[in-house]
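> Take this structure, written in C-alpha cells, and hold onto it; I'll ask about it next.
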Amino acid sequence: MSTAEILSLIRCAEREAAELMLHARSILAETKTGKRDVVTEYDRRVQELLMRRLKEALPEAAFFCEENMQRDELAAETLFIIDPIDGTMNFVHGFHHSCISVAYMSRGTVLAGAVYNPYLDEMFTAERGGGAFLNGKAIHVTDTPLADSLICCGTSPYSPERADQSFDLMKKAFLAGLDLRREGAAALDLCTVAAGRAGAYFELQVSLWDFAAGVLIAEEAGAVCSTLDGSPLPYDGSRPTILAGSRQVVSALLRVFGE
Ligand code: IPD
Ligand code: CA
Ligand code: CA
C-alpha cells in the first residue's frame, strides 16, 4: 500500500471513530496516574475501532497506542502511533476541543499523519515531503513576529512538579508575545501552529502519541519543531519537552526563554 493510501485509510478510520466521540453520553472519567490523568470508555472504544480498521487493511501493522498499553517495536516496518482522544480532560468536561491523532511510521520515520477535530470537522493531514493540509487545502505557518503572535502552551499536567518552570516560561512568552492559549490538546496545538493561527506551541512534557502526527503536519507547513533546548525530538517513546513554531518565533522564544 502506498503512503497516500495509508493516509486515506487513517482519515476514514478517524472519521468513523469520531462518531463515537460526537455521540458520547454519560462520560465517566477513570483516573490513571493521578487526578489530571484520566481515561474514559470512549478513549478505549475509539482506539479499538482505529486498530481494527487499520489491521483489517494492513494485517502486518504494529501499534504504539496510549490506551491498553499496546507498545510494539517502534522500528517496525509498518507502525501506527495512536492517541485515540487527545484532550481527554476537555472531552470529559464537555469542552469541545479534542481530536483523534494517528501517525504512520515506517522503520522509525513518520511518513504520514492525520489529526481530526470532529467538533469543527477539521481534518489536518500531511505526508512527508508533500506539504500540510486542512480539509484538503494547503496550510502554512504564519510569518507574524513574536510580538504580534498568539502562543499555545501546555501545562504538562501529568508532571505538576514542573509547574513553576512551566509558568515561568508562560510568563516570558506572554510578555514577549501577544497572548497565550492553553487549549488542552497537544496534537491540535501543533495543527494550530501549522494553520498559522498561533506562532508557536510549547510544553514541558509530551508523549510520542501527542506529537507524532502533529509534528509532521507542523513541519510540512513550514514549522521548526524540537525540544525546548533545541535538540531533535526523540522518537523512542521517551517524554520530551517540545517547542514548535515558525522559524522566527521559535528563535525569538528561545532567546526570551534563555534570559
Ligand atoms: C494531553 C493533552 C494536553 C497536554 C498533555 C497531554 P491526553 O493528552 O494533549 O493538552 O497538556 O501533555 O498529555 O491525555 O488528553 O491525550
Ligand atoms: Ca494526548
Ligand atoms: Ca489521549
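> Out of the range 35-79, which residues are within 16 Å of ligand 1 (Cβ to nearest atom), touching a residue at least 60 places away in the same chain (Cβ under 8 Å) and in contact with a strand residue (DSSP E or B) (Cβ under 9 Å, 6 or more places away or on another chain)?
Those that are within 16 Å of ligand 1 (Cβ to nearest atom), touching a residue at least 60 places away in the same chain (Cβ under 8 Å) and in contact with a strand residue (DSSP E or B) (Cβ under 9 Å, 6 or more places away or on another chain): Asp37, Phe64, Cys65, Glu66, Arg71.
> Out of all the residues in the range 123-139, is one or more of a type in the set (A, V, I, L, M, F, W, C) and over 29 Å from Leu9 (Cβ atoms)?
First pass over the range 123-139, keeping only residues of a type in the set (A, V, I, L, M, F, W, C): 123-124, 126, 132-134, 138-139.
Cutting the leftovers down to over 29 Å from Leu9 (Cβ atoms) gives us none.
Within the range 123-139, none of the residues are of a type in the set (A, V, I, L, M, F, W, C) and over 29 Å from Leu9 (Cβ atoms).
> While we're looking at this one, here's another question. Identify the single condition in (1) within 14 Å of ligand 1 (Cβ to nearest atom); (2) buried (at least 21 other Cβ atoms within 10 Å of the Cβ) that Leu146 does not satisfy, given that it satisfies every other one.
(1)
To keep it simple, each residue is scored yes or no on (1) surrounded by 14 or more Cβ atoms within 10 Å (Cβ to Cβ); (2) more than 14 Å from ligand 3 (Cβ to nearest atom); (3) among the polar types (S, T, N, Q).
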site	(1), (2), (3)
Leu58	yes, yes, no
Glu73	no, yes, no
Asp86	yes, no, no
Phe91	yes, no, no
Tyr119	yes, yes, no
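> Give me the strands (runs of 3 or more DSSP E) completely within the range 73-133, filtered to those with at least 2 residues that are out of contact with any Leu (no Cβ under 9 Å at 6 or more places or on another chain) and within 25 Å of Val39 (Cβ to Cβ), ordered by residue number. Let's see the steps before the verdict.
Details: elements: 79-86, 99-106, 109-117, 122-127.
In the range 73-133, 79-86 are the strands (runs of 3 or more DSSP E) which contain 2 or more residues that are out of contact with any Leu (no Cβ under 9 Å at 6 or more places or on another chain) and within 25 Å of Val39 (Cβ to Cβ).
> Among the residues of the range 152-192, how many are assigned to a helix (DSSP H, G or I), away from ligand 2 (no atom under 16 Å from the Cβ) and among the aliphatic types (A, V, I, L, M)?
Adding up the residues that qualify gives 6.
> What's the total number of residues in the range 201-214 that are buried (at least 24 other Cβ atoms within 10 Å of the Cβ), within 16 Å of ligand 3 (Cβ to nearest atom) and either of a type outside the set (A, V, I, L, M, F, W, C) or under 13 Å from Asp189 (Cα atoms) (or both)?
7
Coordinate-derived values only; no laboratory data. Just so we're clear, the structure is a prediction, and the values are computed from it rather than from any experiment. Because the Cβ atoms are built from the backbone with ideal geometry, glycine has one as well, and the counts that use them run over all protein chains shown.
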